[in-house]
Structures are given as structure tokens and as C-alpha cells.
Number of protein chains: 2
Amino acid sequence: MNPYFAYQTLFDEKLNDFLLSIDKNPASLYQPMRYIFSLGGKRIRPLLVYIANDLFNGKTENATPIALAVEIFHNFSLIHDDIMDKAPLRRGKTTIHEKWNNNVAILSGDALLVTAYQQFEKVKTEKIISLLSIFNKTAAEVCEGQQLDMDFEKRKTISIDEYVYMITLKTAVLLGAALKMGAVIANANEKDADALYHFGKNIGIAFQIQDDLLDVFGSAEKFGKQVGGDIICNKKTWLLIRAMQDASPSDKAEMKKWIEQKEFSAKDKVEAFKNIYEKLKIKEKAEMEMKRYFENAKNDLLMVNADSIKKKTLLVFSEYLMKREN
Amino acid sequence: MNPYFAYQTLFDEKLNDFLLSIDKNPASLYQPMRYIFSLGGKRIRPLLVYIANDLFNGKTENATPIALAVEIFHNFSLIHDDIMDKAPLRRGKTTIHEKWNNNVAILSGDALLVTAYQQFEKVKTEKIISLLSIFNKTAAEVCEGQQLDMDFEKRKTISIDEYVYMITLKTAVLLGAALKMGAVIANANEKDADALYHFGKNIGIAFQIQDDLLDVFGSAEKFGKQVGGDIICNKKTWLLIRAMQDASPSDKAEMKKWIEQKEFSAKDKVEAFKNIYEKLKIKEKAEMEMKRYFENAKNDLLMVNADSIKKKTLLVFSEYLMKREN
């Protein structure tokens, strides 16, 4: 059972209030903004805001605006990323630019980003500058990460370090920022707030490597998307980058052949990569890497001065998320 | 001579500092963000922030972050509007989505919006909530205005009231907000700040009607774009809406014929509309309407408790802008 289910219930209520507040005209702008939330999601980021706030004994109600801001920002980034990636589906449902069109997706994304900033109006005045500056820095980094991701698509080779840098910006810093902002709301000192930020960032990197793993080794039903989707579209994931690095000349040549082929059997391509990944123990290596980032996160959490039971709960919850199969 | 040239010089410096601060990596993200400012612009909005701040004897340095935020926001909206309008040119130069591509334009616009919000980190704490809430409300309204503009394209008829409502949101409220925020920074009371907001909004509506007029009756060299561009692409401007309203059945039929025609001589089409506009005295009617909004603005300014010389300067400057030919 999720030890934080009460926060999740609370957040669902608050999110619902927010969605009611944007049930207005022009409907052609606000309807897509509500639609993206109807697709669901695990709402991990707002949960992290509440958890960090509680670690430092903050009042729950103070954390809600930031929990909302973080989840709204995340959904804004999904809308715009889906346009850029030309993704037809998000969580098995039609994306906004597909259901409406690109213009609607651009503009409803923009308006959603503005509503994320509107949450800051409800924040206590003495905290607003520090919260806004964490949020702004993170938002800019997420844009940088998305840009690097697009730049990497056009490049032939990417190193593991470059890849980790990109996913850190694109996805991990927002987890760190959610925790740090929760800590700031509850008056944590800077050292503790920063340690928690690094905890979240390291967990975030581990999550992304797990996402890459699930694409290839997850079960189709549980994962909810096509197994091997990343392989089929030549996505430069941790697995592919590491395999290219470790492969023998002949395995490397085989991967390149598949990558360059315009027409192929998807099943055969996934199979071929899976065989090479198995031979090179890529799954085990990725799991070791995840473990390494998880250990880093553990050490960061050790540095946080807070109730040990609360810290343990957060750690076990993070471990549980890391074992998720979707 | 522009009585505010010293503010303009100051703002150019501050804008330059800002541009240097975003001269960073990934260049593929930050270069387009700097490019949009290199296209120029009259920087009216930041000027309004400084002017309002001075009306209430505020310190100039306090107004700079908001002057920057407003101009950055305006440029963000130009980048995304140009994608949505598929505009190849902006101020005679290639637009970002044309020079790079749509994805670059979406993402560099997003990142630019974030940097607008970064300016608020430099604002005095006791003012930040009111400034942020004016800015957020306005930003949401600008998105609503752009959405209405796109919705109107698909509709057969639009009333003058609907058109004025759309341009109010799309362009006028940002002028009002620039003035109101300048007033708030300088500790103006709510009544004065609101009166100044309405002044800016009314001036903004007059400016937009003037823009519509210049498209048809401006001189090509001074205006810097094709005369009659709005006519050629059937844009529902104040002129077209009013002409459709006032036209005889036969003139209405002629306009409809031109609008529905897929292949036509641009010169002949512009000529035909110009003839109908002249017959219906559309230019005079538009000028009267501009004058009406300018009178409203004057009355708003009367309500503002501030130095009468400073108010007079602002009024004459607004009149001068209204007589611009580009």
C-alpha cells in the first residue's frame, strides 16, 4: 500500500478544484487544458512536495499551491513534448495535437504554464522568491533537456555522460525541485533542502534508466505500450548507448544495419537488439547503474536532518516506485 | 522627439544585459531566444512600465525587472503566434519557425516565457504577489485572445463587439497591465493603478484599429509590409467587419465573391475592397472609432491623481503613437 495515499487523495481533490476553476471560455482553449489531466498519471511530483513539507513538519495546506504548480508544469511539458515528438498517444489516449491540432496544443500548453505560475500567488510572501527561483531554474532546465534530447536525435553518437546529463535536465531536476520546494515551504534550512534536491535528482535518473529498461524488458500488458518501441524508432536510450559502447565490431555492425534499415520487421528488429543486449548483459549493467544512483540518493537522504521514520518511509516508497512495472 | 528617449536608452541597455545572460548552452535553444529581439520593435510596453512608475515618483531601477518581463513576454507571444499563423516574416525578417523549425520555435518560446517570470525574482518582496497576479491574469488573457482570433477565422460572421473583445484580450490588456504594474511598483493606490490600466487598454484598442487601417491605407515603404495583406488573406479586421455590416446587398455580394475566390489578382482584390471601403466611408468610421477609444483613454487619465505635466506628456506621446505610419 502507498503510505502516502492520504496525500494522494488530498491532491486529487485539489487538482479537481483547479480543473473546475479552468472550466471556462473560450472552451477551445480550456478544454484541452483539462483533457491532459483526464489522461491520468501517478502524480508523483506533487506527492514529493507534500512528503518533503511533512519531513520538516510543515503545514499540509501550505504545500498545496506548489504541489499543483509542479503537476501543472509537468503536464504543460507533456503537451508540448508530444507535439515535438509527433506522439499520437499519451497513456494510451489521443494526444492533444492529434485530437485537436498543433495550434491548440501550443496555445493550451502556454496557458497551462501560466496557470502553474498562478499557483504562486497563493504562496506565503516570505517564501515566494525562493520558491519562484527554484521553479524558474528548473523550468528552464527542463526546456534545455528537451532541446538536448532533440539535438541528440540528429547526432550519430552520444556518450553515457551526455545521456545522463540530458535526462537529468529533462526529467530528474523536476523531482529534485519538487522535494526542495516542499522543504522550503516547511522552513527547512538550505543544507537540508539541497540534500533533498540531490536525493530527488538521483532517484529521477534511476527512474529514467528504469523507463528505458521497461521499454525492452517490461511486459506489454503491464507497461501499457508496445514492447521495444524505443528500439523500433532508434531512440538513443541508456541501453542502446551502452550496448554500442560495449559491443564487438560485428554486433556493432549488426545494430547499425538495423538502425539504418528503412523497411524491416519490427518483431525481428526488437528480437535482434534483445539478443545483443542479453549477450552484453545490458540489463544487468543498467540495473547496476540504477542501483548506483539509488545508493547516491540514499547517501543524500542520510545528510537530511529529519525524523528517521519519515526518511525510511520515503526511501522504501522510492524503492517501491523503482520496482514498478509500468 | 520622443520625450521618453532616456528611458528607451536605459531599457536598451537592460535588455542587452538580459540578452548576454541568455548567451549560453544549448545554443540551439538560446540562440533563437536572442534572435527574436534582434528583429527590433518599438519597445512600447517596457516604456509604459517606466512612465507609470515615474507618474507616481517611483525609483526607476525598481521598474526594470517588470519592464523586461513585459517585453520578454511580448516577444514570447510573437514567436508562438507566428508558428500558429504560419507567418514567414516578422518585421521583414525570417520568423524563428522558418529559420529553424516549429519545434525550435515552440521550445525557445517556452523557455523565453520562463525567463519573463525569472524577472520577478528581482522584484521587491512586498510587491511581488500583486505584480505576479496582474501579469498572470494578463498572460492568460493574451492566450484567450489568440485562441479567439483563431476561432474567428473559422466563423462566417463576427460582430464589431466580438472583434473588440478579441483585440482587447490579444493586445490591449498587455498595454494596460504594463502601466498598472509600473504604478504598483511606485506604490500608487488601487484606484489610480486601475484608471491607468483602463487608459492603456483603451489606447491599445485604438492602436489595433489603427493597425487595421494602416494595412489598407498605409504607405508601403513606411509600413514595411505589403499594403492590403489583410484583405488578400481575408483577415476579419475592424474594417472588413464594419464594411460587411454597412454594405448594400450588392457590395456585400462582391466582397463575398472575392473572399471565396481561390485564384485572383491580389492587386485587383485590394482595389475592389478599397473602392467599397471608400464608398462606405470605412476609413472615416474607423478613425472615429479610434477617436472614441482615445477619448475614453483621456477620461481614464483624468481620474489618475498624478502630476498634470507628466500626464499631459503621456497623453501627447500616445497621440503621437496613434499618428504613426508604421
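Things worth noting here:
- Scanning segment A:20-47 for residues that are of a type in the set (V, I, T) and either within 14 Å of chain B (Cβ to nearest Cβ) or touching a Pro at 6+ places or on another chain (Cβ under 9 Å) (or both) yields one hit, A:I22.
- Condition check for B:D211: free of Cβ contacts under 8 Å to residues at least 12 places away in the same chain and more than 14 Å from every other protein chain (Cβ to nearest Cβ): yes
- Scope segment A:79-126; condition more than 17 Å from A:D23 (Cα to Cα), of a type in the set (A, V, I, L, M) and facing chain B (nearest Cβ under 7 Å); matching residues: A:I83, A:M84, A:I106
- Of the helices (runs of 4 or more DSSP H) that lie entirely inside segment B:124-185, those containing 2 or more residues that are among the hydroxyl-bearing types (S, T, Y) and over 19 Å from the mean Cα position of the chain (by Cα) span B:125-154.
- Test: residue in segment A:100-119 that is in contact with a Cys (Cβ under 7 Å, 6 or more places away or on another chain) and of a type in the set (G, A, S): yes
- Within segment B:233-250, being outside any loop (DSSP other than H, G, I, E, B) and polar (S, T, N, Q) holds for B:Q245, B:S250.
- Only a single criterion out of (1) surrounded by 13 or more Cβ atoms within 10 Å (Cβ to Cβ); (2) farther than 30 Å from B:D194 by Cβ is not satisfied by B:L314, namely (2).
For every residue, the table says whether it meets (1) without any contact (Cβ under 8 Å) to a residue 12 or more places away in the chain; (2) closer than 17 Å to A:G204 by Cα; (3) part of a loop (DSSP other than H, G, I, E, B).
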position: A:V270; (1), (2), (3): no, no, no
position: A:I276; (1), (2), (3): no, no, no
position: A:K285; (1), (2), (3): no, no, no
position: A:M288; (1), (2), (3): yes, yes, no
position: A:N296; (1), (2), (3): no, yes, no
position: A:N299; (1), (2), (3): yes, yes, no
position: A:V304; (1), (2), (3): no, no, yes
position: A:S318; (1), (2), (3): no, yes, no
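- Taken over segment A:33-45, the criterion of being loosely packed, with under 12 Cβ neighbours inside 10 Å and modelled with pLDDT of 95 or more is satisfied by A:S38 alone.
- Filter pass, B:N25 being part of a loop (DSSP other than H, G, I, E, B), over 21 Å from the mean Cα position of the chain (by Cα) and either among the aromatic types (F, W, Y) or at pLDDT 95 or above (or both): yes
- Single residue of B:K137, B:K154 found to be basic (K, R), surrounded by fewer than 22 Cβ atoms within 10 Å (Cβ to Cβ) and under 27 Å from B:D300 (Cα atoms): B:K137
- Condition check for B:T64 on (1) more than 13 Å from every other protein chain (Cβ to nearest Cβ); (2) farther than 23 Å from A:A140 by Cβ; (3) in a helix (DSSP H, G or I): one failure, at (2).
- Qualifying residue in segment A:48-61 (condition: assigned to a helix (DSSP H, G or I) and either facing chain B (nearest Cβ under 10 Å) or without any contact (Cβ under 8 Å) to a residue 40 or more places away in the chain (or both)): yes
- Among the residues listed as B:S265, B:S248, B:S318, the single one being small (G, A, S) and either within 27 Å of B:G176 (Cβ to Cβ) or touching a Phe, Trp or Tyr at 6+ places or on another chain (Cβ under 9 Å) (or both): B:S318
Residues are listed down the side, and each one gets a yes or a no for (1) under 25 Å from the mean Cα position of the chain (by Cα); (2) hydrophobic (A, V, I, L, M, F, W, C):
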{"residue": "A:I276", "(1), (2)": "no, yes"}
{"residue": "A:L280", "(1), (2)": "no, yes"}
{"residue": "A:M290", "(1), (2)": "yes, yes"}
{"residue": "A:T313", "(1), (2)": "yes, no"}
{"residue": "A:V316", "(1), (2)": "yes, yes"}
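- Applying the condition of being at the interface with chain B (Cβ under 7 Å from one of its Cβ atoms) and in contact with an Asp or Glu (Cβ under 9 Å, 6 or more places away or on another chain) to segment A:135-149 and asking which residue is farthest from B:N102 (Cα to Cα) yields A:N136.
- Qualifying positions in segment B:15-32 - out of contact with any Phe, Trp or Tyr (no Cβ under 9 Å at 6 or more places or on another chain) and surrounded by 16 or more Cβ atoms within 10 Å (Cβ to Cβ): B:P26, B:L29, B:Y30
- For segment A:295-304, the set of residues classified as exposed (fewer than 14 other Cβ atoms within 10 Å of the Cβ) and not acidic (D, E) consists of A:N299, A:L302, A:M303, listed by residue number.
- Residue check for A:K86: at pLDDT below 95, over 20 Å from the mean Cα position of the chain (by Cα) and outside any helix (DSSP H, G or I): no
- Residue in segment B:90-112 that is under 21 Å from B:V173 (Cβ atoms), surrounded by fewer than 23 Cβ atoms within 10 Å (Cβ to Cβ) and at pLDDT 95 or above present: no
- When every residue of segment B:193-213 is checked against the conditions, none turns out to be modelled with pLDDT of 95 or more, assigned to a loop (DSSP other than H, G, I, E, B) and outside the structural domain of B:Y50 (by TED's automatic domain parsing).
- Being more than 7 Å from chain B (Cβ to nearest Cβ) and under 22 Å from B:Q119 (Cα atoms) is a property that holds for A:A69.
- Residues being at positive phi and among the hydroxyl-bearing types (S, T, Y) - total across segment A:279-321: 0
The values are calculated or read from the model by the stated rules, or taken from the named source; none is laboratory data. Fair warning: this is a prediction, and the values are worked out from it, not measured in the lab. Cβ atoms come from the backbone with ideal geometry, glycine included; neighbour counts cover every protein chain shown.
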